[in-house]
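Since the structure comes first, as structure tokens, the remarks are kept for the end.
No lab work stands behind these numbers, since they all come straight from the coordinates. Bear in mind the structure is a predicted one, so any value in this text is a computation, not a measurement. Here the Cβ positions follow ideal geometry from the backbone for every residue, glycine too, while neighbour counts run over all protein chains shown.
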Amino acid sequence: MKHIRTIILGWAAWTCCALGTPHLLAREDPLSSQIKIHKEISRANANDPAPLQKLGSLYLQAGKPRKAVFYFRKVLQMDSAQIPAWVELGNCFLAMGKPTEAIDAFERALEIDPSLGPAYANLGVAHLRQGTPENAIRILQKSLEVAPDQSLAHYHLAEAYWTVGEVDAAISEMNACIVGLPNLLRAHMRLAEILEETGRYIEAIKAYQEARELSPTLPLIHLRLARLFDYKLTHIPEALQSYKSYMRWNEGTDRKVRRRIDLLTDQLYVSALKSYSVGDIDRAMDLLQHILDIKATHKSARELANKIRAQKRTNY
């Protein structure tokens with residue numbers, strides 16, 4: 001039973017984050033050699049389903065669900081009560097974009113053992129993929145009743161609630177997922193997206209910042225923060241700092257963002273000039289420093305900053 005739960009939970013993590021998993025077999029020699037070994041074992045033990053089950057698991061892990069299906073079906077031909085085979089067969093169909101077949105496989109597993117909470121979770125995912133979020137909600141709730149410690153079930157339940165327009169419930173469930181899996185980047189990003197799409201910009205910024213702590217070199221996080229600060233809150237210094245980080249990790253290849261940085265630094269310079277003209281030189285200097293931190297080559301900002309420094313030295 002512990003083995004079955006490990007299979008399902010491992011798949012749930014994969015479906016949550018990977019949607020388009022890289023082809024692993026070609027670059028991971030351990031998987032390739034394990035497949036060869038278990039093929040030899042299977043040939044030597046033709047009536048033993050265990051090596052066939054292992055081969056199916058290895059091919060699924062390698063991102064080859066179609067090949068995995070072949071082996072799981074062979075296991076089930078030998079013994080239709082093999083729960084791990086039904087579960088992983090369902091996982092294969094999910095990976096292949098066949099939710100109807102996945103639903104059938106998970107339901108067969110649950111007929112044999114109705115206490116498999118994670119199997120309910122994947123069944124809920126299959127219903128969500130099939131376009132029946134109401135069924136997904138009911139099944140995922142059942143999954144959490146059977147096995148309350150499934151943090152990934154909260155993730156999928158959040159997606160189901162979001163699909164039917166229950167925003168507060170979606171946010172609550174995504175937060176529950178993050179409590180259980182605080183290092184799951186996808187959950188932080190999805191929470192930020194939901195908050196942003198519903199106009200809760202301050203909360204969205206906080207969620208993106210938490211995601212940034214997990215993955216500080218991911219350009220997308222910096223870009224989304226920059227756009228929130230820029231277009232939604234008009235916090236130009238914060239927007240510029242985030243744009244700068246985005247360009248750093250994106251290797252400075254985004255011309256549109258480069259032009260936006262130029263425009264914002266010019267706007268900030270105008271604000272600094274206004275502050276200087278009314279005698280608020282500290283505010284002006286603060287704005288100029290923001291500009292020069294982002295764009296050290298801004299000639300006008302550098303000249304005004306030098307002028308203010310000279311005035312301060314004269315006054316003192």
| task | Take Ser32, Ser242 and order them by how many other Cβ atoms sit within 10 Å, fewest up front. | result | Ser32, Ser242
| message | For a protection proxy built on the mean count of beta-carbon atoms within 10 angstrom, sort 214-227, 163-176 highest first, please. | response | 214-227, 163-176
| request: Give the calculated FRET efficiency between Asp104 and Asp262 to the nearest 0.05, with a Förster radius of 51 Å applied to their Cβ-Cβ distance. | output: 0.35
| task | Work out, step by step, the length gained on full extension between Lys299 and Glu213: first 0.36 nm times the residue separation, then minus their alpha carbon distance; give nm to one decimal. | result | 27.6 nm
| task | Give, rounded to the nearest 20 debye, the magnitude of the charge dipole that the stretch 218-316 has about its Cα centre when Lys and Arg contribute +1 at Cβ and Asp and Glu contribute -1 at Cβ. | result | 200 debye
| query | Could you give the Stokes-Einstein D for the stretch 38-118 in µm² per second, using the C-alpha Kirkwood radius, 37 °C, 0.692 mPa s? | reply | 262 µm²/s
| remark: To the nearest 10 degrees, the tilt of helix 167-180 (Cα long axis) against the first principal axis of the alpha carbons of the chain is 80 degrees
| field | P(r), alpha carbons of the chain - 20 Å bins starting at zero, rounded % | value | 27, 40, 22, 10, 1
| Helix 299-315 versus the longest principal axis of the chain: what angle, 0 to 90°, nearest 10, using Cα atoms? | 50 degrees
| request: Evaluate the charge dipole of the chain about its Cα centre and quote only its size in Debye, nearest 20, assuming +1 on the Cβ of each Lys and Arg and -1 on the Cβ of each Asp and Glu. | output: 1440 debye
| task | Hey, could you get me the Stokes-Einstein D for the stretch 32-173, Kirkwood radius over alpha-carbon pairs, 4 °C and 1.567 mPa s, rounded to whole µm² s⁻¹? | result | 82 µm²/s
| For the Cα atoms of the chain, what angle does the longest principal axis make with the long axis of helix 99-112, in degrees from 0 to 90, nearest 10? | 60 degrees
| remark: Which of Lys244/Lys295; Lys244/Lys312; Lys232/Lys299; Lys274/Lys299; Lys244/Lys274; Lys54/Lys98 exceed 19 Å between C-alpha atoms? The answer is Lys244/Lys312; Lys232/Lys299; Lys244/Lys274; Lys54/Lys98
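Given the Cα-Cα distance of Thr314 and Val167 and 0.36 nm per residue of separation, how much length would full extension add, in nm? Let's see the in-between values first.
Numbers: separation 147, 0.36 × 147 = 52.92 nm, distance 5.89 nm.
Full extension of this stretch gives 47.0 nm more.
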| remark: The alpha-carbon center of the stretch 256-283 and that of the stretch 108-160 are separated, in whole Å, by 53 Å
